[in-house]
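A.B. asks: Please find one structure pasted underneath; my questions will follow.
Derivation of every value follows stated rules applied to the coordinates shown; laboratory data play no part. Source: prediction; values computed, not measured. Neighbour counts are summed over all protein chains in view; Cβ atoms, including those assigned to glycine, are modelled from backbone coordinates with ideal geometry.
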There are 2 protein chains.
Amino acid sequence: MSAIPEEFLSAQAHVDEQAIQPFPNSHKIYVIGSRPDIQVPMREIKLSDTQHYNRQEKNLSLTVYDTSGPYTDPEVQINIRKGLPEIRRIWIEERADTEQLSGFSSEYGRQRLADTQLDRLRFPNLRLPHQAQRGRNVTQMHYARQGVITPEMEFIAIRENQRLEQYRDQLTQQHPGQSFGASLPLQITPEFVRSEVARGRAIIPANINHTELEPMIIGRNFLVKINANIGNSAITSNIAEEIDKMTWAIRWGADTVMDLSTGKNIHETREWIIRNSPVPIGTVPIYQALEKVGGKAEELNWEIFCDTLIEQAEQGVDYFTIHAGVRLAYVPLTANRLTGIVSRGGSIMAKWCLAHHKESFLYTHFEEICEIMKAYDISFSLGDGLRPGSLADANDAAQFAELETLGELTQIAWKHDVQTMIEGPGHVPMHLIKENMDKQLACCGEAPFYTLGPLTTDIAPGYDHITSGIGAALIGWYGTAMLCYVTPKEHLGLPNKKDVKEGIITYKIAAHAADLAKGYPGAQIRDNAMSKARFEFRWEDQFNIGLDPDRAREYHDETLPKESAKTAHFCSMCGPQFCSMKISQDVREYAREKGIENSTALTQGMAEKAEEFRQQGAKIYHEA
Amino acid sequence: MSAIPEEFLSAQAHVDEQAIQPFPNSHKIYVIGSRPDIQVPMREIKLSDTQHYNRQEKNLSLTVYDTSGPYTDPEVQINIRKGLPEIRRIWIEERADTEQLSGFSSEYGRQRLADTQLDRLRFPNLRLPHQAQRGRNVTQMHYARQGVITPEMEFIAIRENQRLEQYRDQLTQQHPGQSFGASLPLQITPEFVRSEVARGRAIIPANINHTELEPMIIGRNFLVKINANIGNSAITSNIAEEIDKMTWAIRWGADTVMDLSTGKNIHETREWIIRNSPVPIGTVPIYQALEKVGGKAEELNWEIFCDTLIEQAEQGVDYFTIHAGVRLAYVPLTANRLTGIVSRGGSIMAKWCLAHHKESFLYTHFEEICEIMKAYDISFSLGDGLRPGSLADANDAAQFAELETLGELTQIAWKHDVQTMIEGPGHVPMHLIKENMDKQLACCGEAPFYTLGPLTTDIAPGYDHITSGIGAALIGWYGTAMLCYVTPKEHLGLPNKKDVKEGIITYKIAAHAADLAKGYPGAQIRDNAMSKARFEFRWEDQFNIGLDPDRAREYHDETLPKESAKTAHFCSMCGPQFCSMKISQDVREYAREKGIENSTALTQGMAEKAEEFRQQGAKIYHEA
């Protein structure tokens, strides 16, 4: 049985020390919105001055998106037995459309609470849940469609801009993107956030019971987001480990975290996670429902599933993966596949459909599910239960039949003003990825796409963060809003902390490469800052600007451990004699000597010169 | 000073034990060509039988491309003091167009040989060099244009097919590719190899002095290849380490190896490497030339450079990176850049041009270089000395001006029947990658493109194998013939063995993802074999089929170490209860019960059923 370590039980409970260290030369800042309680966290990286040959200048500090929550703020006292500060409570209360319940609505939630044997595992600071008042709809989509800009929306607008106004003049130093029909504004306004949510092109996963949440948005016209999966299984892992994985995942950049637990004490584990999570938490409720019927898919029914939804809703889960597109009719379409059905949720529902020879109860009860979703503002993540588990099965009839149904369900969800995103594959060779994106956009009315990878080859177990990172970068560029990470352990085992970090950094790379390719305004600022630091041999800045300062420093120091090497105008690759950066400097000096000072003159002067030389030079061989 | 360890001096000299272990459940096979001395090495992976529910069947063993040379053949006695077997000697002699020289032609080569202090570092089995007979041209391109199919070409045809004839019926289980104008035949014939080399669309780097070489080909209509860089620097590394890196690199799949040494004893190190390398060796001769003038670029001249070319030619270097496109006129075009000139070769030549204010001697002497190339059959790798070193500098005037010049030089090389490939960037965001490929194809008459990455973002030092693996997969798909690997140490330090392996596996993934996307015939066989093994829980086969069996096994065993878990019909991700693969099996059983036995009936039956259900199901909501 899982257990939580002793320190959880003491008042000094604390999280993994590694996860809460401030980043080097960085500090947490909060950008204040239109009201003092809209405090949007960001990380500011201080850069050193340029002292490069004759040039001396200050370098503007860099602002980067920060998912790590209060953990990296040394001013905040973390107490995981208490949970994080409830920054959204007042916003929700002000809307006056919810009510606090006198107890938990779900049968199962009540049972667990009554079980005193669970007391030692239980989160100590349990709160009573909130729900929409009868007849009210408390989704961000509902507000958006009424023209209301919520504090959550304003928070997000500030967050997505990353103080772009400070770097405005750097925008010209970015390549125009190729966005495949996205509508990226030059600056994200609260009104833009509202309009995107209203039309369903973006979602704000934000359960009214997850008051600790720092709001974020998932949509193709915003920064590409990434999700990290955690969760115990029947085989391994306990509550403390899962919390550590969550804090570790958000430290490195997970925008949302899915708790995919299938082992013991799922309910209690989830409570600990949500109360301590500043990022949206997603789950796959069918996993827990299955546990409740002893793992026998055929014994599942709507009542048990519905009770599970409410149980999780009242804990504060922000989005539910629901495999309502796995219809009875589609199941036989998978019989011919090389790898059948590989989604757990999909296979559970397929088995249920076969056993009863009935249409999926998720599909037939979909409107009832919508009623639950809108009473807590839980977003749908419509699961791709028939996604391909191998290249061979990519883009087949089963997969696309389900996608069409997900499109149909999206329309129903939207009828209820329930926020919705769509899950996508899986295993897909590069040249078939775009078809997935295009079909999803067409079928699902531009509801955000949320894909797992896709893996672009099956032959590299142990490296599937990379096989899938390639696909993730591509599909992100094409328009996917959130990328579900894959760790090196995929297909082999459960990821540990090292794997979680490796998966996250890989996906931060994929997401950022996608932002750059789409031409997200300001996306290139960090790249340019890194490149300038490189050119000027500001080693410390290079480490600090990167996604993983620890590894960058460690790798550098393996070859050149001395402190003096951190200011040296060369590196271990070439040594002092061969430094190409140094030679480039000579080129600049030369240009300066020739009196070509400003960049227009430079470009013009160069072009003339080049043309002249080209004509002369070309002769050498054209006459020969 | 560098040193080689004592064991090199003994008769029992041996290479790194790790590099010569046979792969698990694999053995080396040789496919014999039209003559008994054409013996093409491949690796055969034996697979276990299917025993999955009611199904029992044999699984055909898998044949994979094998770059590891005799090192993984337990029948071959490796003696690095002697060098590898000279499999090409007889082919070269039969052509009767070369002659053995009585000594080394280069001044520097003779000096080094005369220096007895170097005896202890020297490769002990030195041979006298060969050269084309006066007036003869010994390039594979020359033969190809005369209509001659060389043993090298036949060797390559067999090699590229990977016994495809045994798997012919599996070709229908592969997605048609999207090849952007490539001309991939269903089967590679020796005549196809010849025709591709004749028209310059592929090269066979094969110096007549590298008789140990197992021939391979670089061209967009063949499997995408990868290169690994090794080489000492002024800072670190010695001869033994470099040989270990080479054997390690080819074990994991490096198709060619570049020796980029810039430290001590470059000449002697290179001799050891070539004599023991079954893959083509490339170099950047300007690095050594610069060493000869004490690191002062301005003191370089044509004579020293020419002597260096001949020195290396007579050792057997298969391709030279020559930065002849860095013309004086283009240098000022870089002054405005964020990161200037980052290519070492490029910056050396830029400095020379500036210092003398003269056109590059590589450019002005290009035809003389061609004369040397064709006397030994060395291939050009026309260097991109002005490649961007940051996203900001991607696709700029300097880069593309040079590319145009490389196209001009390609025509000159081809006039001499000298094989030529073109080097490419660098740092390029995803959406600007295709322009590089398209421009290269247009400027350089489809000469093979050989790119470094490109890196798709600058913000992840420590993970540049991944930032660049994404770009490499893309540009490989678009038509690049060879991908130069990037290791996790890029921008930070010199790669060790671990980094070399990580870089190579990442690039094998990128190259294979590209082959799949292009639709290279048979590319999907290995993926399908993996997927089938996955579905049938043949764990050992999954490990063995993968690019890195050691890591796959290690990762699996971290969670489920027991031997019994290797035959278990579940894994640590879900545990026995939740296994989706098991549920998929139920779907198959169900289909069988319903009497849908063969795949046509299955597809048809399913489609009807799906349509029927879809119509019924759709009603649920459309009426609502």
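A.B. asks: When B:M482, B:M141 are ordered from fewest to most other Cβ atoms inside 10 Å of their Cβ, what list results?
C.D. replies: Ordered from fewest to most neighbouring Cβ atoms within 10 Å, B:M482, B:M141 come out as B:M141, B:M482.
A.B. asks: A further question on this structure: To the nearest 0.05, what FRET efficiency results for B:A114 and B:E17 with a Förster distance of 35 Å applied to their C-beta separation?
C.D. replies: The pair B:A114/B:E17 has a calculated efficiency of 0.45.
A.B. asks: Pop a pseudo-label 7 angstrom from the Cα along the beta-carbon direction at both A:R35 and A:S102 and give the gap in nm to one decimal.
C.D. replies: Placing both labels 7 Å along Cα→Cβ, they lie 3.0 nm apart.
A.B. asks: Which angle between 0 and 90 degrees, to the nearest 10, do you get for helix B:151-161 versus the longest principal axis of chain B when only C-alpha atoms count?
C.D. replies: The two axes meet at around 30 degrees.
A.B. asks: Based only on other Cβ atoms within 10 Å, what is the fewest-to-most ordering of B:M349, B:M421?
C.D. replies: By the 10 Å Cβ count, ascending: B:M421, B:M349.
A.B. asks: Taking only C-alpha pairs under 8 Å that are 6+ residues apart, what is the relative contact order of the range B:1-523 in percent?
C.D. replies: That works out to 16 percent.
A.B. asks: Calculate how steeply helix B:302-315 sits against the longest principal axis of the alpha-carbon atoms of chain B, using the helix alpha-carbon long axis, and give the answer as 0 to 90 degrees to the nearest 10.
C.D. replies: 50 degrees
A.B. asks: Can I ask one more? Could you work out, for the protein assembly as shown, what percent of all Cα-Cα pairs fall into each 10 Å distance bin, beginning at 0 Å and stopping at the bin that holds the largest distance?
C.D. replies: 2, 10, 18, 22, 20, 14, 9, 4, 1, 0
A.B. asks: Now, a different point. Let's test the formula: R0 of 35 Å, r as the Cβ-Cβ distance of A:S564 and B:K292. What FRET efficiency results, to the nearest 0.05?
C.D. replies: Computed FRET efficiency for A:S564 and B:K292: 0.75.
A.B. asks: With each label point set 7 Å from Cα along the Cα-Cβ vector, what nm distance links B:S61 and B:E93?
C.D. replies: Taking the simple label geometry, B:S61 and B:E93 are separated by 3.3 nm.
A.B. asks: Against the longest alpha carbon principal axis of chain A, how many degrees, from 0 to 90 and to the nearest 10, is the axis of helix A:266-275 turned?
C.D. replies: Rounded to the nearest ten degrees, it is 50.
A.B. asks: Which order results if B:C306, A:C443 are arranged by neighbouring Cβ count within 10 Å, fewest first?
C.D. replies: By the 10 Å Cβ count, ascending: A:C443, B:C306.
A.B. asks: As an exercise, take the mean of 1/r over every pair of distinct alpha carbons in chain B, invert it, and state the Kirkwood radius in angstroms.
C.D. replies: 25.9 Å
A.B. asks: Quick one: which residues, 5 or more positions from B:G231 or on another chain, have an amide H under 5 Å from its amide H? H modelled 1.01 Å from N in the peptide plane, none for Pro or chain starts.
C.D. replies: Close amide H contacts, sequence-distant or interchain: B:L260.
A.B. asks: How much FRET efficiency would the formula 1/(1 + (r/R0)^6) give for B:D438 and A:N54, where r is the Cβ-Cβ distance and R0 is 41 Å, rounded to 0.05?
C.D. replies: 0.55
A.B. asks: Follow-up. Using modelled backbone amide H atoms (1.01 Å from N, in-plane), which distant-in-sequence or interchain residues come within less than 5 Å of A:V40's amide H?
C.D. replies: Correct list: A:V31, A:I32, A:G33.
A.B. asks: In debye, nearest 20: dipole of the protein assembly as shown around its Cα centre with unit charges on the Cβ of K, R (+) and D, E (-)?
C.D. replies: Here the protein assembly as shown has a charge dipole of around 360 debye.
A.B. asks: Using the Cα centre of the range A:320-479 as the reference point, and only Cβ charges (+1 on K/R, -1 on D/E), how large is the resulting charge dipole? Debye, rounded to the nearest 20.
C.D. replies: Roughly 320 debye for the range A:320-479.
A.B. asks: In addition: For labels at B:L126 and B:E303 in the simple 7 Å Cα→Cβ model, what's the distance in nm?
C.D. replies: 2.3 nm
A.B. asks: Okay, next question. Quick one: of the DSSP bridges fully inside chain A, what percent are antiparallel, nearest 5?
C.D. replies: Rounded to the nearest five, the antiparallel share is 40 percent.
A.B. asks: Of B:V148, B:P85, B:L432, whose Cα points farthest to the positive end of the dipole of chain B (charges on the beta-carbon: +1 Lys, Arg; -1 Asp, Glu; origin at the Cα centre)?
C.D. replies: About the Cα centre, the residue reaching furthest to the positive side is B:L432.
A.B. asks: A further question on this structure: Which ³J(HN,Hα) values, rounded to whole Hz and listed in residue order, are derived for the range A:384-397 from phi using the Karplus coefficients 6.51, -1.76 and 1.60 in 6.51 cos²θ - 1.76 cosθ + 1.60 with θ = phi - 60°, glycine and proline given as x?
C.D. replies: 9, x, 10, 5, x, x, 7, 3, 4, 8, 5, 6, 8, 4
A.B. asks: Using each residue's phi in the range A:29-39, evaluate 6.51 cos²θ - 1.76 cosθ + 1.60 at θ = phi - 60° and report the 3J(HN,Hα) Karplus result to the nearest Hz, with x for Gly and Pro.
C.D. replies: 10, 10, 8, 8, x, 6, 9, x, 8, 9, 10
A.B. asks: With point charges of +1 on the Cβ of Lys and Arg and -1 on the Cβ of Asp and Glu, referenced to the Cα centre of the protein assembly as shown, which listed residue (A:L403, B:H267, B:I304) lies farthest in the positive direction of the dipole?
C.D. replies: A:L403
A.B. asks: Additional query: Could you pull out every residue, at least 5 positions away or on a different chain, whose amide H is within less than 5 Å of the one on B:S390? Hs are placed 1.01 Å off N in the peptide plane, and Pro or chain starts have none.
C.D. replies: B:H427
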